[in-house]
Amino acid sequence: MTIEINRERLATTFTELCRISSPSRREGAVAAYLKQAFTELGADVLYEDDSAARTGSESGNLIVRFNGNRPDLEGLFFSCHMDTVEPATGIEVVRTGDIFTSKGNTILGGDDKTGIAAVLELLTLLKDNNIAHPTLEVVITTCEEIGLLGAKNLEYGKLRTKYGYALDSTGNNHVVIGAPAANKIKVEIKGMAAHAGLCPEAGINALALAAQALTSIRMGRLDEESTCNFGMIEGGVATNIVPERVVLRGEVRSHSSAKLARYTEEIFNVFQKIVTDWRGNPATGDHRPSVAIEIVDDYPPLTIAEDAPVLQRIRKAAGACGKDLRYIVAGGGSDANIFNGFGLPTAIVASGMNKVHTVNEQLDLNDLVNLTELLYALATE
């Protein structure tokens, strides 16, 4: 059965969502909006989990269930996140034809309110037209943009469905079936402060040691599956003081768990060697630099087999609604990585958003309609 998407209702929902400021940890207002929307749609279960105590958000994750009346179809879930990056205060949505932008001094918020709007339109279509469907669950997480914190603290035991789709990727008509694992790395180097003009030889320059290590580490694209980057550095107190402490933060990503471990170990060994090989002088005496390295398993890899039910279903749905989907491997992590790590195969579906995380962000309504048509096919075919 085909159905016509209500374009203007979908556009209104998207606009309303974008106007609600919801930067990470300040998702309370949009969570309240969604609770009311899901209640009006007749949700059988509307549950806010206890993750806020661990994420620091104003809201927990939302787990919403609409019981099914299609025993011939297996249930599934749709996942989106309610938080956005900054600047996100006072968003004014500008519509020019079918193109949505902000006024240019904030983001638009399409990441990830495109996905949420499409899900709400799907549920409205099913309700208003009394269309039979399998059990559908909607998972709306918090704090995705600051480390997938909501997904990492989700109460997975509340979910009944076994696989689903994260509506959270730029572009249109593609499905992400592979994404890397990542390790976050924090390195703290401690030296010894000294006056940089009067007695520089008495200092141990932590910044110089950090620089020496960084020049020995391979960064950028390491191979076809792996990348490395150090993107943050802090330390020092004044130009006339030899810096005593420097903190570096970086990451390694790889589609291969073995390579991820090997490259991470290489970085660890470089910093250790720089400190071990340091040679002092009479002015530094017995003092030596030290290094502390913290490695955090940030998220696991996302790998979905070609014959997995989650992919078989979306291929069938795409054929039913005339979509020509591409299946790709991406370089970023998302909530889907975490869901997969908890044994819930989750493919990432492009939601039409474009130029995200910038004040030039935009959305074409036609792409949002296209996504909603695909969701309808997933829920009914």
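Taken together, the values in this text are just the output of simple stated rules run on the coordinates, not laboratory data. Model, not experiment: these values are computed from the prediction. Cβ coordinates were reconstructed from backbone atoms using ideal geometry, including for glycine residues, and neighbour counts include every protein chain displayed.
Before moving on, here are some points about what is shown:
- Computed about the Cα centre, the dipole magnitude for the chain is approximately 500 debye when only Lys and Arg (+1) and Asp and Glu (-1) carry charge, each at its Cβ.
- For the pair N240 and N105, a Förster radius of 41 Å applied to the C-beta separation gives a FRET efficiency near 0.55, rounded to the nearest 0.05.
- Length added when fully stretched, I293-R279, from 0.36 nm per residue minus Cα-Cα: 3.0 nm
- Most to least packed among 117-129, 85-97 [average Cβ atoms within 10 Å]: 117-129, 85-97
- Projected label points at E4 and L46, each 7 Å from Cα along the beta carbon direction, are separated by 3.0 nanometres.
- Applying the criteria of a DSSP loop state and at most 15 other Cβ atoms within 10 Å to the trypsin sites (Lys or Arg not before Pro) of region 255-292 yields R279.
- Once the chain from M219 to E86 is taken as fully extended at 0.36 nm per residue, the excess over their C-alpha distance is 45.1 nm.
- Over the chain, the ratio between the Cα radius of gyration and 2.2 N^0.38 Å evaluates to 1.16.
- Cleavage-rule hits (GluC sites (Glu not before Pro)) in region 223-329: DSSP loop, at most 16 neighbouring Cβ within 10 angstrom: E224, E306
- At an R0 of 56 angstrom, the distance between the Cβ atoms of D286 and F342 translates into a FRET efficiency of 0.65.
- Listed by chain and number, the lysines whose C-alpha is less than 22 Å from the C-alpha of K184, apart from same-chain residues fewer than 8 away, are K152, K259, K273.
- Working from label points 7 Å from Cα in the Cα-to-Cβ sense, the D98 to A29 distance is 3.0 nm.
- All Cα pairs of region 181-299, percent lying beyond 26 Å: 26 percent
- Across the options I314, V296, A258, the greatest Cα extent toward the positive end of the charge dipole of region 253-353 (unit charges at beta carbon of Lys, Arg, Asp, Glu) belongs to I314.
- Between Q312 and R249, the FRET efficiency estimated from the beta carbon spacing at R0 = 45 angstrom works out to 0.65.
- Candidates G68, G157, T135 compared by Cα position along the dipole of the chain: farthest toward the positive end lies G157, with charges placed on Cβ.
- Counting only residues at least eight positions apart within a chain, or on another chain, the aspartates and glutamates with an alpha carbon under 12 Å from that of K127 are E40.
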